[in-house]
Amino acid sequence: MSLLIKHGTVINADQSYAADVLCEDGKIVALEPGISASGIDTVIDARNCLVMPGGIDPHTHMQLPFMGTVASEDFYSGTAAALAGGTTMIIDFVIPSPGERLLDAYHKWRQWAEKSCCDYSFHVAVTWWDESVHDDMGTLVRDWGVNSFKHFMAYKGAIMADDGVLTQSFPRALELGALPTVHAENGELVDYLQKLLQKKGILGPEGHPQSRPPKVEGEAAQRVIQIAGILGVPLYLVHNSAIESVDAIAAARRQGQRVFGECLTQHLLIDESVYYDKDWNRAAAHVMSPPFRPKAHQEALWDALSGGVLQTTATDHCCFCGEQKEMGRENFAKIPNGTAGVEDRMAVLWHHGVNMGRLTANEFVALTSTNAARIFNIYPRKGVIRVGADADLVVWDPALVRTIRAETQHQRVDFNVFEGMEITGAPAYTVSNGRIAYADGKILAAVGSGAYVNRPAFPAYIQAQVRQNGRHPLRSVPRSAGNGADGRL
Ligand code: URP
Ligand code: ZN
Ligand code: ZN
Ligand code: ZN
(Lines give C-alpha, C1' and ligand atoms only; values in the text may rest on other atoms or scores of the structure.)
(Ligands and ions follow the chains in the order given, each with its own letter.)
Protein backbone atom coordinates (compact mmCIF):
# COMPACT_ATOMS: atom_id res chain seq x y z
CA MET A 1 0.00 0.00 0.00
CA SER A 2 1.79 3.19 -1.17
CA LEU A 3 0.59 6.79 -1.17
CA LEU A 4 2.42 9.81 -2.58
CA ILE A 5 1.53 13.42 -1.77
CA LYS A 6 3.03 15.65 -4.45
CA HIS A 7 3.66 19.39 -4.83
CA GLY A 8 2.68 20.42 -1.30
CA THR A 9 4.47 22.53 1.30
CA VAL A 10 5.37 20.52 4.38
CA ILE A 11 4.70 22.38 7.63
CA ASN A 12 6.28 21.02 10.80
CA ALA A 13 6.46 22.75 14.18
CA ASP A 14 10.07 23.78 13.52
CA GLN A 15 10.23 24.49 9.77
CA SER A 16 8.39 24.59 6.44
CA TYR A 17 9.69 23.42 3.06
CA ALA A 18 8.52 22.15 -0.33
CA ALA A 19 8.68 18.36 -0.50
CA ASP A 20 6.75 15.33 -1.70
CA VAL A 21 5.78 12.79 0.96
CA LEU A 22 5.91 9.07 0.20
CA CYS A 23 4.08 6.70 2.54
CA GLU A 24 4.31 2.92 2.56
CA ASP A 25 2.55 0.48 4.86
CA GLY A 26 1.46 3.21 7.23
CA LYS A 27 4.82 4.97 7.60
CA ILE A 28 6.51 7.94 5.95
CA VAL A 29 9.39 6.47 3.94
CA ALA A 30 10.65 9.40 1.85
CA LEU A 31 10.45 13.18 2.07
CA GLU A 32 12.05 15.20 -0.74
CA PRO A 33 11.10 17.15 -3.86
CA GLY A 34 10.45 15.32 -7.12
CA ILE A 35 9.59 11.79 -5.94
CA SER A 36 8.47 9.73 -8.96
CA ALA A 37 4.82 8.67 -9.04
CA SER A 38 5.46 5.57 -11.11
CA GLY A 39 4.27 2.37 -9.48
CA ILE A 40 2.57 4.22 -6.60
CA ASP A 41 -0.94 3.01 -5.65
CA THR A 42 -2.44 6.42 -4.84
CA VAL A 43 -1.23 9.95 -5.65
CA ILE A 44 -2.59 13.15 -4.09
CA ASP A 45 -1.92 16.45 -5.84
CA ALA A 46 -1.29 18.92 -3.00
CA ARG A 47 -0.56 21.95 -5.20
CA ASN A 48 -1.46 25.14 -3.25
CA CYS A 49 -1.95 23.05 -0.13
CA LEU A 50 -0.02 22.60 3.10
CA VAL A 51 0.91 19.13 4.32
CA MET A 52 0.85 18.99 8.10
CA PRO A 53 1.05 16.30 10.79
CA GLY A 54 -2.46 15.01 11.51
CA GLY A 55 -4.02 16.63 14.53
CA ILE A 56 -3.88 15.00 17.95
CA ASP A 57 -6.82 15.83 20.21
CA PRO A 58 -5.57 14.93 23.69
CA HIS A 59 -8.98 15.32 25.36
CA THR A 60 -12.15 13.59 24.11
CA HIS A 61 -14.97 11.59 25.70
CA MET A 62 -16.63 9.25 23.19
CA GLN A 63 -19.69 7.37 24.53
CA LEU A 64 -18.86 8.48 28.07
CA PRO A 65 -21.34 7.31 30.72
CA PHE A 66 -21.80 10.58 32.63
CA MET A 67 -24.42 12.35 34.77
CA GLY A 68 -27.04 9.63 34.28
CA THR A 69 -26.72 9.28 30.51
CA VAL A 70 -24.18 8.31 27.84
CA ALA A 71 -22.48 10.75 25.43
CA SER A 72 -24.15 10.45 22.01
CA GLU A 73 -20.96 10.06 19.99
CA ASP A 74 -19.54 6.54 19.83
CA PHE A 75 -15.94 5.68 18.99
CA TYR A 76 -16.71 5.20 15.29
CA SER A 77 -18.80 8.33 14.72
CA GLY A 78 -16.49 10.43 16.89
CA THR A 79 -13.26 9.36 15.24
CA ALA A 80 -14.88 9.77 11.79
CA ALA A 81 -15.74 13.36 12.77
CA ALA A 82 -12.14 13.80 13.94
CA LEU A 83 -10.82 12.68 10.55
CA ALA A 84 -13.20 15.05 8.77
CA GLY A 85 -11.55 17.84 10.71
CA GLY A 86 -7.94 16.76 10.10
CA THR A 87 -7.42 15.04 13.45
CA THR A 88 -5.82 11.59 13.14
CA MET A 89 -5.48 10.65 16.80
CA ILE A 90 -7.51 11.14 19.95
CA ILE A 91 -6.57 10.50 23.55
CA ASP A 92 -9.80 9.61 25.33
CA PHE A 93 -10.43 8.87 29.02
CA VAL A 94 -11.11 5.68 30.92
CA ILE A 95 -13.15 6.87 33.93
CA PRO A 96 -13.71 4.13 36.52
CA SER A 97 -16.62 4.60 38.91
CA PRO A 98 -15.48 4.94 42.52
CA GLY A 99 -14.72 1.41 43.74
CA GLU A 100 -14.32 0.02 40.22
CA ARG A 101 -10.97 -1.61 39.42
CA LEU A 102 -8.95 0.54 37.03
CA LEU A 103 -8.05 -2.50 34.94
CA ASP A 104 -11.69 -3.58 34.58
CA ALA A 105 -12.67 -0.10 33.40
CA TYR A 106 -9.68 0.06 31.06
CA HIS A 107 -10.63 -3.20 29.32
CA LYS A 108 -14.26 -2.08 29.03
CA TRP A 109 -13.17 1.13 27.27
CA ARG A 110 -10.73 -0.78 25.05
CA GLN A 111 -13.62 -2.89 23.82
CA TRP A 112 -15.83 0.15 23.15
CA ALA A 113 -13.00 1.76 21.20
CA GLU A 114 -12.36 -1.12 18.82
CA LYS A 115 -14.58 0.48 16.18
CA SER A 116 -12.46 3.66 16.06
CA CYS A 117 -11.40 4.71 12.58
CA CYS A 118 -8.44 6.87 13.65
CA ASP A 119 -5.69 6.01 16.11
CA TYR A 120 -6.51 6.36 19.79
CA SER A 121 -5.07 6.04 23.26
CA PHE A 122 -6.33 6.46 26.84
CA HIS A 123 -5.64 8.50 29.93
CA VAL A 124 -6.98 6.59 32.96
CA ALA A 125 -8.77 8.50 35.73
CA VAL A 126 -7.99 7.94 39.40
CA THR A 127 -11.37 8.53 41.04
CA TRP A 128 -10.73 6.73 44.37
CA TRP A 129 -7.84 5.14 46.22
CA ASP A 130 -6.80 1.84 47.71
CA GLU A 131 -3.97 -0.64 47.19
CA SER A 132 -5.61 -2.06 44.06
CA VAL A 133 -5.49 1.39 42.43
CA HIS A 134 -1.77 1.64 43.27
CA ASP A 135 -1.20 -1.80 41.71
CA ASP A 136 -3.41 -1.29 38.66
CA MET A 137 -1.60 1.97 37.84
CA GLY A 138 1.60 -0.09 37.65
CA THR A 139 0.04 -2.72 35.40
CA LEU A 140 -1.43 -0.05 33.12
CA VAL A 141 1.94 1.66 32.66
CA ARG A 142 4.01 -1.51 32.30
CA ASP A 143 1.68 -3.67 30.23
CA TRP A 144 -0.95 -1.47 28.59
CA GLY A 145 0.75 1.64 27.26
CA VAL A 146 -0.82 4.18 29.64
CA ASN A 147 1.47 7.05 30.68
CA SER A 148 -0.99 9.60 32.07
CA PHE A 149 -3.53 9.53 34.90
CA LYS A 150 -6.42 11.96 35.21
CA HIS A 151 -7.82 13.50 38.39
CA PHE A 152 -11.11 15.39 38.60
CA MET A 153 -11.03 17.99 41.38
CA ALA A 154 -14.73 18.66 40.65
CA TYR A 155 -17.89 16.47 40.39
CA LYS A 156 -18.31 15.95 44.14
CA GLY A 157 -20.24 12.81 45.03
CA ALA A 158 -19.30 11.21 41.70
CA ILE A 159 -15.76 11.05 40.34
CA MET A 160 -14.06 13.81 42.38
CA ALA A 161 -10.55 13.13 43.70
CA ASP A 162 -9.87 15.00 46.95
CA ASP A 163 -6.41 16.13 48.11
CA GLY A 164 -5.92 12.74 49.81
CA VAL A 165 -6.33 10.91 46.50
CA LEU A 166 -4.07 13.41 44.68
CA THR A 167 -1.39 12.97 47.33
CA GLN A 168 -1.44 9.19 46.92
CA SER A 169 -1.73 9.14 43.17
CA PHE A 170 0.80 11.81 42.09
CA PRO A 171 3.90 10.17 43.63
CA ARG A 172 2.73 6.79 42.36
CA ALA A 173 2.50 8.22 38.84
CA LEU A 174 5.98 9.72 39.26
CA GLU A 175 7.57 6.44 40.30
CA LEU A 176 6.01 4.77 37.26
CA GLY A 177 7.15 7.47 34.83
CA ALA A 178 3.59 8.65 34.16
CA LEU A 179 2.18 12.17 33.99
CA PRO A 180 -0.62 13.26 36.36
CA THR A 181 -3.30 15.40 34.71
CA VAL A 182 -6.10 17.33 36.39
CA HIS A 183 -9.46 18.96 35.83
CA ALA A 184 -8.99 21.94 38.14
CA GLU A 185 -12.20 23.23 39.74
CA ASN A 186 -12.88 23.29 43.48
CA GLY A 187 -15.63 20.67 43.76
CA GLU A 188 -16.63 21.72 47.29
CA LEU A 189 -17.17 25.32 46.21
CA VAL A 190 -19.14 24.24 43.14
CA ASP A 191 -21.38 22.10 45.35
CA TYR A 192 -21.88 24.98 47.81
CA LEU A 193 -22.65 27.52 45.07
CA GLN A 194 -25.04 25.16 43.25
CA LYS A 195 -27.06 24.71 46.46
CA LEU A 196 -26.99 28.46 47.15
CA LEU A 197 -28.27 29.29 43.65
CA GLN A 198 -30.98 26.64 43.91
CA LYS A 199 -32.09 28.06 47.27
CA LYS A 200 -32.43 31.46 45.61
CA GLY A 201 -34.57 29.92 42.86
CA ILE A 202 -31.96 30.22 40.10
CA LEU A 203 -32.55 26.91 38.35
CA GLY A 204 -31.88 27.73 34.67
CA PRO A 205 -28.61 27.30 32.73
CA GLU A 206 -27.49 30.78 33.91
CA GLY A 207 -26.86 29.05 37.25
CA HIS A 208 -24.11 26.99 35.66
CA PRO A 209 -21.46 29.73 35.18
CA GLN A 210 -22.48 31.36 38.48
CA SER A 211 -21.78 28.11 40.32
CA ARG A 212 -18.36 27.76 38.65
CA PRO A 213 -16.85 31.27 38.47
CA PRO A 214 -13.23 31.76 37.32
CA LYS A 215 -11.90 31.82 40.89
CA VAL A 216 -13.27 28.31 41.48
CA GLU A 217 -10.99 27.17 38.66
CA GLY A 218 -8.13 29.44 39.72
CA GLU A 219 -8.17 28.21 43.33
CA ALA A 220 -7.99 24.57 42.25
CA ALA A 221 -5.28 25.28 39.68
CA GLN A 222 -3.14 27.12 42.23
CA ARG A 223 -3.67 24.42 44.86
CA VAL A 224 -2.89 21.49 42.60
CA ILE A 225 0.18 23.22 41.19
CA GLN A 226 1.45 23.76 44.74
CA ILE A 227 0.69 20.14 45.62
CA ALA A 228 2.59 18.93 42.54
CA GLY A 229 5.45 21.30 43.37
CA ILE A 230 5.76 19.97 46.92
CA LEU A 231 5.66 16.39 45.64
CA GLY A 232 8.14 17.19 42.84
CA VAL A 233 5.78 15.83 40.21
CA PRO A 234 5.17 17.20 36.70
CA LEU A 235 1.57 18.21 36.01
CA TYR A 236 -0.75 18.76 33.04
CA LEU A 237 -3.87 20.89 33.53
CA VAL A 238 -6.71 20.20 31.10
CA HIS A 239 -9.17 22.74 29.68
CA ASN A 240 -7.83 25.97 31.20
CA SER A 241 -10.47 28.62 30.62
CA ALA A 242 -9.65 31.44 33.04
CA ILE A 243 -7.04 34.16 33.54
CA GLU A 244 -6.58 32.84 37.08
CA SER A 245 -5.44 29.36 36.03
CA VAL A 246 -3.29 30.65 33.16
CA ASP A 247 -1.55 33.01 35.60
CA ALA A 248 -0.97 30.14 38.03
CA ILE A 249 0.63 28.04 35.30
CA ALA A 250 2.78 30.94 34.09
CA ALA A 251 4.02 31.66 37.63
CA ALA A 252 4.92 28.02 38.23
CA ARG A 253 6.75 27.74 34.91
CA ARG A 254 8.72 30.91 35.66
CA GLN A 255 9.94 29.17 38.82
CA GLY A 256 11.08 26.12 36.91
CA GLN A 257 8.16 23.83 37.78
CA ARG A 258 7.15 21.47 35.01
CA VAL A 259 3.52 22.38 34.48
CA PHE A 260 1.76 22.01 31.13
CA GLY A 261 -1.58 23.46 30.12
CA GLU A 262 -4.29 22.73 27.59
CA CYS A 263 -6.92 25.00 26.14
CA LEU A 264 -10.18 24.14 24.33
CA THR A 265 -11.05 25.77 21.02
CA GLN A 266 -14.53 26.46 22.39
CA HIS A 267 -13.16 28.57 25.28
CA LEU A 268 -11.16 30.68 22.81
CA LEU A 269 -14.23 31.80 20.87
CA ILE A 270 -17.36 31.58 23.00
CA ASP A 271 -18.23 33.77 25.98
CA GLU A 272 -20.56 33.34 28.93
CA SER A 273 -23.44 35.36 27.42
CA VAL A 274 -24.67 32.06 25.90
CA TYR A 275 -25.99 30.99 29.31
CA TYR A 276 -28.24 34.05 29.51
CA ASP A 277 -29.97 33.22 26.20
CA LYS A 278 -33.78 33.37 26.59
CA ASP A 279 -33.98 30.06 24.71
CA TRP A 280 -33.43 27.36 27.37
CA ASN A 281 -32.33 24.77 24.77
CA ARG A 282 -29.61 26.99 23.35
CA ALA A 283 -28.37 27.97 26.80
CA ALA A 284 -28.37 24.34 28.00
CA ALA A 285 -26.56 23.17 24.88
CA HIS A 286 -23.55 25.24 26.02
CA VAL A 287 -23.38 23.75 29.51
CA MET A 288 -19.91 22.31 29.97
CA SER A 289 -17.27 22.55 32.68
CA PRO A 290 -15.46 24.80 33.07
CA PRO A 291 -18.14 27.11 31.62
CA PHE A 292 -17.62 29.77 28.98
CA ARG A 293 -16.16 32.95 30.45
CA PRO A 294 -16.43 36.71 30.07
CA LYS A 295 -14.56 37.91 26.96
CA ALA A 296 -11.40 39.14 28.71
CA HIS A 297 -10.48 35.53 29.47
CA GLN A 298 -10.39 34.64 25.77
CA GLU A 299 -7.65 37.16 25.01
CA ALA A 300 -5.63 35.77 27.91
CA LEU A 301 -6.00 32.26 26.48
CA TRP A 302 -4.82 33.36 23.02
CA ASP A 303 -1.84 35.12 24.61
CA ALA A 304 -1.04 32.02 26.65
CA LEU A 305 -1.06 29.88 23.50
CA SER A 306 1.16 32.18 21.46
CA GLY A 307 3.38 32.91 24.48
CA GLY A 308 4.01 29.25 25.35
CA VAL A 309 2.22 29.20 28.72
CA LEU A 310 -0.33 26.75 27.28
CA GLN A 311 1.05 24.08 24.94
CA THR A 312 -1.91 22.12 23.57
CA THR A 313 -5.36 22.61 22.13
CA ALA A 314 -8.12 20.06 22.64
CA THR A 315 -11.91 19.88 22.54
CA ASP A 316 -13.12 17.86 25.55
CA HIS A 317 -15.50 16.51 22.88
CA CYS A 318 -18.42 15.20 24.96
CA CYS A 319 -21.72 15.26 23.08
CA PHE A 320 -25.22 15.33 24.53
CA CYS A 321 -28.30 15.91 22.38
CA GLY A 322 -31.23 18.16 23.26
CA GLU A 323 -33.27 15.40 24.87
CA GLN A 324 -30.32 14.53 27.12
CA LYS A 325 -29.81 18.15 28.15
CA GLU A 326 -33.55 18.08 29.10
CA MET A 327 -32.58 16.05 32.18
CA GLY A 328 -31.71 19.39 33.76
CA ARG A 329 -34.83 21.31 32.69
CA GLU A 330 -35.78 21.90 36.34
CA ASN A 331 -32.23 22.21 37.72
CA PHE A 332 -29.10 23.39 35.87
CA ALA A 333 -26.90 21.12 38.01
CA LYS A 334 -28.49 18.09 36.32
CA ILE A 335 -27.78 19.21 32.72
CA PRO A 336 -25.21 16.74 31.35
CA ASN A 337 -21.94 18.67 31.02
CA GLY A 338 -20.26 18.69 27.63
CA THR A 339 -20.00 20.21 24.16
CA ALA A 340 -18.71 18.96 20.80
CA GLY A 341 -15.67 20.15 18.88
CA VAL A 342 -13.46 17.36 17.56
CA GLU A 343 -14.44 18.08 13.94
CA ASP A 344 -13.96 21.85 14.18
CA ARG A 345 -10.89 22.30 16.38
CA MET A 346 -8.31 22.63 13.62
CA ALA A 347 -10.34 24.78 11.23
CA VAL A 348 -11.49 27.15 13.97
CA LEU A 349 -7.95 27.47 15.34
CA TRP A 350 -6.56 27.99 11.84
CA HIS A 351 -9.10 30.65 10.96
CA HIS A 352 -9.01 32.61 14.22
CA GLY A 353 -5.36 31.87 14.95
CA VAL A 354 -3.39 31.82 11.70
CA ASN A 355 -5.67 33.86 9.44
CA MET A 356 -6.09 36.52 12.12
CA GLY A 357 -2.33 36.80 12.67
CA ARG A 358 -2.26 35.39 16.20
CA LEU A 359 -0.32 32.22 15.30
CA THR A 360 2.11 31.17 12.60
CA ALA A 361 1.41 27.99 10.64
CA ASN A 362 4.31 26.30 12.50
CA GLU A 363 2.85 27.32 15.86
CA PHE A 364 -0.48 25.94 14.68
CA VAL A 365 1.17 22.54 14.07
CA ALA A 366 2.82 22.67 17.50
CA LEU A 367 -0.48 23.51 19.19
CA THR A 368 -2.63 20.98 17.35
CA SER A 369 -0.22 18.04 17.16
CA THR A 370 3.49 18.22 18.00
CA ASN A 371 3.28 19.44 21.59
CA ALA A 372 0.66 16.83 22.52
CA ALA A 373 2.87 14.13 20.97
CA ARG A 374 5.82 15.33 23.04
CA ILE A 375 3.97 15.79 26.32
CA PHE A 376 2.30 12.38 26.04
CA ASN A 377 5.50 10.69 24.84
CA ILE A 378 4.58 9.50 21.35
CA TYR A 379 6.96 11.86 19.51
CA PRO A 380 8.39 11.42 16.85
CA ARG A 381 6.11 8.52 15.97
CA LYS A 382 3.31 11.13 15.89
CA GLY A 383 3.31 14.93 15.69
CA VAL A 384 5.89 15.41 12.92
CA ILE A 385 6.39 14.73 9.24
CA ARG A 386 9.67 12.89 8.98
CA VAL A 387 10.93 9.59 7.62
CA GLY A 388 9.96 6.81 10.01
CA ALA A 389 6.96 8.61 11.52
CA ASP A 390 3.40 7.27 11.21
CA ALA A 391 1.75 8.40 7.97
CA ASP A 392 -0.91 10.47 9.77
CA LEU A 393 -1.23 13.65 7.75
CA VAL A 394 -3.58 16.37 6.75
CA VAL A 395 -3.48 18.03 3.34
CA TRP A 396 -4.72 21.47 4.27
CA ASP A 397 -6.35 23.77 1.74
CA PRO A 398 -5.88 27.27 3.17
CA ALA A 399 -8.35 28.72 0.64
CA LEU A 400 -11.26 26.40 1.34
CA VAL A 401 -14.23 28.35 2.72
CA ARG A 402 -16.87 26.63 4.78
CA THR A 403 -19.70 27.54 7.12
CA ILE A 404 -19.97 25.39 10.23
CA ARG A 405 -23.46 23.93 10.64
CA ALA A 406 -24.86 21.18 12.88
CA GLU A 407 -26.92 20.08 9.89
CA THR A 408 -23.87 19.23 7.79
CA GLN A 409 -21.43 18.09 10.48
CA HIS A 410 -20.20 14.53 10.93
CA GLN A 411 -20.39 14.85 14.73
CA ARG A 412 -23.30 12.82 16.07
CA VAL A 413 -25.07 15.54 18.01
CA ASP A 414 -27.85 18.02 17.21
CA PHE A 415 -26.00 21.24 18.06
CA ASN A 416 -22.79 23.04 17.20
CA VAL A 417 -21.44 25.81 19.42
CA PHE A 418 -19.80 27.37 16.30
CA GLU A 419 -23.07 27.35 14.28
CA GLY A 420 -22.92 29.83 11.38
CA MET A 421 -19.20 30.56 11.76
CA GLU A 422 -17.55 31.02 8.35
CA ILE A 423 -14.00 29.73 8.30
CA THR A 424 -11.30 29.78 5.62
CA GLY A 425 -8.90 26.82 5.63
CA ALA A 426 -9.89 23.17 6.01
CA PRO A 427 -8.70 19.65 5.22
CA ALA A 428 -8.81 18.63 1.55
CA TYR A 429 -7.60 15.15 2.51
CA THR A 430 -6.89 13.43 5.80
CA VAL A 431 -4.48 10.51 5.69
CA SER A 432 -4.54 7.97 8.52
CA ASN A 433 -1.92 5.22 8.66
CA GLY A 434 -0.99 5.83 5.03
CA ARG A 435 -4.56 5.59 3.67
CA ILE A 436 -6.90 8.38 2.56
CA ALA A 437 -9.41 8.47 5.39
CA TYR A 438 -11.30 11.62 4.39
CA ALA A 439 -11.64 13.48 1.08
CA ASP A 440 -14.19 15.77 -0.56
CA GLY A 441 -16.40 15.85 2.49
CA LYS A 442 -16.61 12.05 2.70
CA ILE A 443 -15.33 9.63 5.33
CA LEU A 444 -13.46 6.81 3.60
CA ALA A 445 -12.00 5.11 6.68
CA ALA A 446 -13.51 1.77 7.63
CA VAL A 447 -15.02 0.97 11.01
CA GLY A 448 -12.21 -0.31 13.22
CA SER A 449 -9.36 0.90 10.99
CA GLY A 450 -7.83 2.95 13.82
CA ALA A 451 -5.21 1.37 16.05
CA TYR A 452 -4.59 1.58 19.78
CA VAL A 453 -1.43 3.58 20.47
CA ASN A 454 0.79 2.44 23.34
CA ARG A 455 2.38 5.39 25.11
CA PRO A 456 5.59 4.42 26.91
CA ALA A 457 6.60 5.75 30.34
CA PHE A 458 8.98 8.75 30.42
CA PRO A 459 12.39 8.03 31.92
CA ALA A 460 14.33 11.11 30.76
CA TYR A 461 11.63 13.53 31.72
CA ILE A 462 11.19 12.10 35.17
CA GLN A 463 14.93 12.34 35.79
CA ALA A 464 14.67 16.06 35.09
CA GLN A 465 12.03 16.30 37.82
CA VAL A 466 14.22 14.45 40.28
CA ARG A 467 17.03 16.91 39.55
CA GLN A 468 14.67 19.71 40.38
CA ASN A 469 13.84 18.10 43.71
CA GLY A 470 17.54 17.85 44.37
CA ARG A 471 17.65 21.63 44.67
CA HIS A 472 15.67 21.35 47.90
CA PRO A 473 16.98 18.14 49.51
CA LEU A 474 15.21 16.88 52.62
CA ARG A 475 17.36 17.51 55.70
CA SER A 476 17.69 15.84 59.08
CA VAL A 477 19.63 17.06 62.15
CA PRO A 478 21.56 14.40 64.14
CA ARG A 479 20.76 14.73 67.88
CA SER A 480 21.60 12.47 70.81
CA ALA A 481 18.68 11.56 73.09
CA GLY A 482 17.85 14.20 75.71
CA ASN A 483 20.47 16.64 74.44
CA GLY A 484 20.48 19.67 72.13
CA ALA A 485 21.85 19.35 68.62
CA ASP A 486 25.43 20.08 69.72
CA GLY A 487 25.35 17.41 72.43
CA ARG A 488 25.34 19.88 75.39
CA LEU A 489 22.45 20.35 77.83
O1 URP B 1 -18.23 19.43 30.65
C2 URP B 1 -17.35 18.60 30.46
N3 URP B 1 -16.14 19.04 30.35
N4 URP B 1 -17.67 17.29 30.37
C5 URP B 1 -16.78 16.23 30.28
C6 URP B 1 -16.12 15.89 31.59
C7 URP B 1 -14.97 16.81 31.90
O8 URP B 1 -15.05 17.55 32.87
O9 URP B 1 -14.00 16.84 31.19
ZN1 ZN C 1 4.58 2.57 45.33
ZN1 ZN D 1 -12.99 18.19 32.78
ZN1 ZN E 1 -13.07 16.16 29.75
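The values are calculated or read from the model by the stated rules, or taken from the named source; none is laboratory data. Because the structure is a prediction, the values reported are computed rather than measured. So basically every Cβ, Gly included, is an ideal-geometry build from the backbone, and we count neighbours across all protein chains shown. Side chains are part of the model used for accessible areas, which takes the heavy atoms of the whole protein and leaves out ligands, DNA and RNA. Shrake-Rupley method; radii C 1.70, N 1.55, O 1.52, S 1.80 Å.
Here is a list: 399, 426, 446. Which entry is under 24 Å from the mean Cα position of the chain (by Cα), at pLDDT 95 or above and not in a helix (DSSP H, G or I)? Full working, then the answer.
Working: 399 fails: under 24 Å from the mean Cα position of the chain (by Cα); 446 fails: under 24 Å from the mean Cα position of the chain (by Cα).
So the residue among 399, 426, 446 that is under 24 Å from the mean Cα position of the chain (by Cα), at pLDDT 95 or above and not in a helix (DSSP H, G or I) is 426.
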Report, by residue number, each residue of the stretch 163-196 that is among the hydrophobic types (A, V, I, L, M, F, W, C) and touching an Asp or Glu at 6+ places or on another chain (Cβ under 9 Å). 184, 189
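Here's a check for you: in the stretch 266-324, which residue that is of a type in the set (Ser, Thr, Tyr) and more than 12 Å from ligand 1 (Cβ to nearest atom) is surrounded by the fewest Cβ atoms within 10 Å (Cβ to Cβ)?
Keep residues of the stretch 266-324 that are of a type in the set (Ser, Thr, Tyr), which gives 273, 275-276, 289, 306, 312-313, 315.
Those still in the list that are more than 12 Å from ligand 1 (Cβ to nearest atom) too: 273, 275-276, 306, 312-313.
Working: 273: 13, 275: 21, 276: 11, 306: 15, 312: 27, 313: 31.
So, considering only residues that are of a type in the set (Ser, Thr, Tyr) and more than 12 Å from ligand 1 (Cβ to nearest atom), the one surrounded by the fewest Cβ atoms within 10 Å (Cβ to Cβ) is 276.
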Those residues of the stretch 114-145 which are among the hydrophobic types (A, V, I, L, M, F, W, C), under 28 Å from residue 410 (Cβ atoms) and more than 16 Å from ligand 4 (Cβ to nearest atom) amount to 117, 118
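So, residue 353, is that one within 16 Å of ligand 4 (Cβ to nearest atom) and open to solvent by less than 20 Å² (accessible area, probe 1.4 Å) or not?
On the way: within 16 Å of ligand 4 (Cβ to nearest atom): no; open to solvent by less than 20 Å² (accessible area, probe 1.4 Å): yes.
Against the criterion (within 16 Å of ligand 4 (Cβ to nearest atom) and open to solvent by less than 20 Å² (accessible area, probe 1.4 Å)), residue 353 does not qualify.
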Can you find even one residue in the stretch 205-219 that is in contact with a helix residue (DSSP H, G or I) (Cβ under 7 Å, 6 or more places away or on another chain), farther than 20 Å from residue 297 by Cβ, more than 16 Å from ligand 4 (Cβ to nearest atom) and without any contact (Cβ under 8 Å) to a residue 40 or more places away in the chain? no
Go through the stretch 381-430 and give me each residue that's surrounded by fewer than 17 Cβ atoms within 10 Å (Cβ to Cβ), of a type in the set (Val, Ile, Thr) and farther than 19 Å from residue 53 by Cβ. 401, 403, 408, 424
Return the residue satisfying two criteria in turn: it lies in the stretch 126-146 and is in contact with a Ser or Thr (Cβ under 9 Å, 6 or more places away or on another chain) and within 23 Å of residue 372 (Cβ to Cβ), and of such residues it is nearest to ligand 2 (Cβ to nearest atom). 137
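Inspect all residues belonging to the stretch 184-203 and state whether any of them is assigned to a strand (DSSP E or B), within 16 Å of ligand 4 (Cβ to nearest atom) and touching a Leu at 6+ places or on another chain (Cβ under 7 Å).
So in the stretch 184-203, the residues assigned to a strand (DSSP E or B) come out as none.
No.
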Determine whether the stretch 144-157 contains at least one residue that is more than 26 Å from residue 287 (Cα to Cα), more than 22 Å from the chain's Cα centre (by Cα) and either β-branched (Val, Ile, Thr) or part of a helix (DSSP H, G or I) (or both). no
Could you look through the stretch 449-467, keep only residues that are hydrophobic (A, V, I, L, M, F, W, C) and closer than 30 Å to residue 111 by Cβ, and pick out the one that is modelled with the lowest pLDDT? 458
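Residues being more than 16 Å from ligand 4 (Cβ to nearest atom) and under 17 Å from the mean Cα position of the chain (by Cα): count how many of those fall in the stretch 220-234. If you could, list the steps in order and put the result at the bottom.
Going through the stretch 220-234, the residues more than 16 Å from ligand 4 (Cβ to nearest atom) turn out to be 222-223, 225-234.
Then keep just the ones that are under 17 Å from the mean Cα position of the chain (by Cα); that gives 234.
Selection size over the stretch 220-234: 1.
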Looking only at the stretch 113-139, filter to residues that are part of a helix (DSSP H, G or I) and in contact with a Phe, Trp or Tyr (Cβ under 6 Å, 6 or more places away or on another chain); which one of those is farthest from ligand 1 (Cβ to nearest atom)? 115
Apart from one, (1) touching a Phe, Trp or Tyr at 6+ places or on another chain (Cβ under 7 Å); (2) open to solvent by less than 10 Å² (accessible area, probe 1.4 Å) all hold for residue 372; the odd one out is (1)
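Report yes if some residue within the stretch 101-112 is in a strand (DSSP E or B) and among the aliphatic types (A, V, I, L, M); otherwise report no. It would help to see each step written out before you state the result.
Kept after step one, since they are in a strand (DSSP E or B), are these residues of the stretch 101-112: none.
There is no residue in the stretch 101-112 that is in a strand (DSSP E or B) and among the aliphatic types (A, V, I, L, M).
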Take the conditions over 19 Å from the mean Cα position of the chain (by Cα) and either touching a residue at least 40 places away in the same chain (Cβ under 8 Å) or within 16 Å of ligand 1 (Cβ to nearest atom) (or both) and apply them to residue 181. Does it pass? no
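Mind listing whichever residues of the stretch 95-127 are among the hydrophobic types (A, V, I, L, M, F, W, C) and closer than 18 Å to residue 141 by Cα? Before you say what the answer is, go through the steps one by one.
As a first pass, look at the stretch 95-127 and keep what is among the hydrophobic types (A, V, I, L, M, F, W, C): 95, 102-103, 105, 109, 112-113, 117-118, 122, 124-126.
The answer is 95, 102, 103, 105, 109, 122, 124, 125, 126.
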Considering every residue within the stretch 61-74, establish whether at least one is assigned to a loop (DSSP other than H, G, I, E, B) and in contact with a Gly (Cβ under 6 Å, 6 or more places away or on another chain). yes
Tally of residues being open to solvent by 10 Å² or more (accessible area, probe 1.4 Å) and not in a strand (DSSP E or B) across the stretch 13-25: 4
